[in-house]
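For reference, the structure is listed below as structure tokens.
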Amino acid sequence: MLFTAGKKKIKQLQLDVEDISAKMSELQRFNNSMKAIIKSMVEGVIVVDKNANVLAINHSAEKIFDISKKDAEEKFLLEVIPNSEIADLVKNALESGKIISRELALAMPVSGTFMINASPIIESGPVTGCVLVIHDITELRKLEIMRRDFVANVSHELKTPLTSIKGFIET
């Protein structure tokens, strides 16, 4: 009887180990897929903890800010990206617990226009960190300026001939 109970316990432990092993494999697959998604994103992604220390950074953010992953991780965000506007954005997201989006024209550490989304990480309670998603919209803004200038120039150039035609029609 005691031997049978021991066998049942061993069988149950084996089932538990198999269940844990299956869950670990599932978590590993999920972790790998998340890493692949973040790595392949065109947008820059930076993850910071509640103290604004960089936990992770993807390749696009490395290229945007001309930094390396090993130089960035485990350092304070302002050390990695010396820009107070970005630091304030992260601070506000961490304090408010709300998603904050802002368009920033940066001159330092890189020159360009960026749409930055700061999203707090909330894990069953207080804010534990923040995810920054950086979209480079420099070219888009340049094209908008070119379009606006073109429309202004065309409008200006057409005013004189249209005024002359209007005058002839009235005469």
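The values are calculated or read from the model by the stated rules, or taken from the named source; none is laboratory data. Computed from a prediction, not measured in an experiment: that's the story for all the values here. Methodologically, a virtual Cβ is constructed for each residue, glycine included, from the backbone with ideal geometry; neighbour enumeration extends over all protein chains shown. Just the protein is used for accessible areas: all its heavy atoms, side chains included, with ligands, DNA and RNA removed. Shrake-Rupley method; radii C 1.70, N 1.55, O 1.52, S 1.80 Å.
When the residues of the stretch 100-121 are filtered to those that are over 11 Å from the mean Cα position of the chain (by Cα) and polar (S, T, N, Q), the one that is most open to solvent (accessible area, probe 1.4 Å) is SER111.
Within the set ASN58, ASN51, ASN92, the sole residue that is among the polar types (S, T, N, Q) and either loosely packed, with under 15 Cβ neighbours inside 10 Å or touching a His at 6+ places or on another chain (Cβ under 8 Å) (or both) turns out to be ASN51.
Taken together, the residues in the stretch 22-32 that are farther than 15 Å from ALA56 by Cβ, modelled with pLDDT under 90 and within 23 Å of the chain's Cα centre (by Cα) amount to 1. Might you let me know whether the stretch 39-59 holds any residue that is in a helix (DSSP H, G or I), in contact with a helix residue (DSSP H, G or I) (Cβ under 9 Å, 6 or more places away or on another chain) and modelled with pLDDT of 90 or more? Yes, there is a match, as at least one residue in the stretch 39-59 is in a helix (DSSP H, G or I), in contact with a helix residue (DSSP H, G or I) (Cβ under 9 Å, 6 or more places away or on another chain) and modelled with pLDDT of 90 or more.
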